[in-house]
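Taking it in order: structure first as structure tokens, then the write-up.
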Amino acid sequence: MLDALGYPFFQRALLAGLLVSLLSGLLSPFVVQRRLSFLGDGLAHAAFAGVALGLFLRGEPLWFALPFTFLVAMAITLVKEKTELSEDTAIGVFFALSVALGAVFLSKARGYVGDAMGYLFGSLLAVGPADLWAMALLLFLALFLLPLWGPLAYATFDRELALSDRVPVVLHDYLLSGFLAVSLVLAVKVVGIILVAAFLVIPGAAARLLSRTFAGLTLLSLLLASFSTVLGLFLSFLLDWPSGASIVLLQAALFGLAFVKTVFSVRK
């Protein structure tokens, strides 16, 4: 395993994985408690459409996926806030639109379809210096959002009471959706489009089974996300598996252990 650290591509992938795991570990509790896992799926498919557009236009796919996914996140939140439609309905509409657009763009990107595989399943070789800088910048911006953790947690558990206390809940909804979108896109090269939504769900779900407080849930989610990413990347290198699959399988195993512990604790 130590031999892997001698390869520059693995060093980049490991650093990128740690940066992304810190972001996903911080956001995962909100995704779980607010029941936004379907939003993660919808945004992942929006990222697919953006990547396909980038391949079609012969540009850097993630630079197309970033604004496209961000706009879809804002549109979903806008439809939810301005209409009587439920959030899952709004997500379903943009989910279908993104898949349709992605299929059209990918069909026209002849000669570049093979490049899409690394984005679909994640690849250790795909992470470049520019990706690391983008992830580091987003993590830096996340530090400025830390003062909002309390109000976000407040609205997560009692939205109506937070509104009555004049907490800017709607603005925070837009911020959270936008941050989820950008974090998800930046995680694509490590985890892959197909599995990136699970990256935002499983650490928080496992932590939710083991923690009784939201603060504890957040800290444990960060720990589980970081641990599973590091060990998953080493397994990916040793077993020659897709990096995203290795990470998510390990996260699922940790969730299974948390579930078993919860079941036996209840029986006692």
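Starting from residues that are open to solvent by 30 Å² or more (accessible area, probe 1.4 Å) and of a type outside the set (Gly, Ala, Ser), keep the ones in the range 120-130 and report whichever is farthest from residue 7 (Cα to Cα).
120
Out of everything in the range 176-189 that is under 18 Å from residue 229 (Cα atoms) and small (Gly, Ala, Ser), what residue ends up being surrounded by the most Cβ atoms within 10 Å (Cβ to Cβ)?
The selected residue is 187.
Among the residues of the range 212-268, how many are among the charged types (D, E, K, R) and farther than 30 Å from residue 156 by Cα?
Count: 2.
Scan the range 219-242 and tell me whether some residue there is touching a Pro at 6+ places or on another chain (Cβ under 9 Å), farther than 17 Å from residue 26 by Cα and of a type outside the set (S, T, N, Q).
Scanning the range 219-242 turns up no residue that is touching a Pro at 6+ places or on another chain (Cβ under 9 Å), farther than 17 Å from residue 26 by Cα and of a type outside the set (S, T, N, Q).
For the range 228-253, what are the residues that are touching a helix residue (DSSP H, G or I) at 6+ places or on another chain (Cβ under 9 Å) and without any contact (Cβ under 8 Å) to a residue 12 or more places away in the chain?
Step one: of the range 228-253, the residues touching a helix residue (DSSP H, G or I) at 6+ places or on another chain (Cβ under 9 Å) are 228-239, 241-253.
Across the range 228-253, the qualifying residues are 239, 241, 253.
Conditions: (1) open to solvent by less than 80 Å² (accessible area, probe 1.4 Å); (2) touching a helix residue (DSSP H, G or I) at 6+ places or on another chain (Cβ under 6 Å); (3) part of a helix (DSSP H, G or I). Residue 215 meets all but one. Number of the miss?
(2)
Exactly one of these conditions fails for residue 170: (1) open to solvent by 80 Å² or more (accessible area, probe 1.4 Å); (2) hydrophobic (A, V, I, L, M, F, W, C); (3) modelled with pLDDT of 90 or more. Give me its number.
For residue 170, the exception is condition (1).
Would you check which residues across the range 69-85 are under 17 Å from the mean Cα position of the chain (by Cα) and open to solvent by 10 Å² or more (accessible area, probe 1.4 Å) and list them?
70, 71, 72, 74
Quick check on my filter: what residues within the range 20-39 are within 12 Å of the chain's Cα centre (by Cα), open to solvent by 10 Å² or more (accessible area, probe 1.4 Å) and either of a type in the set (S, T, N, Q) or farther than 18 Å from residue 216 by Cβ (or both)?
Listed by number, the residues that qualify are 36, 37, 38.
Going through the range 127-157 one residue at a time, which ones are closer than 12 Å to residue 15 by Cα and without any contact (Cβ under 8 Å) to a residue 24 or more places away in the chain?
133
Can you tell me how many residues within the range 190-212 are open to solvent by 60 Å² or more (accessible area, probe 1.4 Å) and either within 14 Å of residue 19 (Cα to Cα) or free of Cβ contacts under 8 Å to residues at least 24 places away in the same chain (or both)?
1
Out of the residues in the range 45-68 that are without any contact (Cβ under 8 Å) to a residue 40 or more places away in the chain and either open to solvent by less than 60 Å² (accessible area, probe 1.4 Å) or closer than 19 Å to residue 93 by Cα (or both), state the one that is farthest from the chain's Cα centre (by Cα).
By that ranking, first place goes to 59.
The values are calculated or read from the model by the stated rules, or taken from the named source; none is laboratory data. From a predicted model like this one, the values you see are computed outputs, not experimental measurements. Note that we place each Cβ from the backbone using ideal geometry, even for glycine, and neighbour counts take in every protein chain shown. The accessibility values were calculated without ligands, DNA or RNA, using every heavy atom of the protein model including side chains. Shrake-Rupley method; radii C 1.70, N 1.55, O 1.52, S 1.80 Å.
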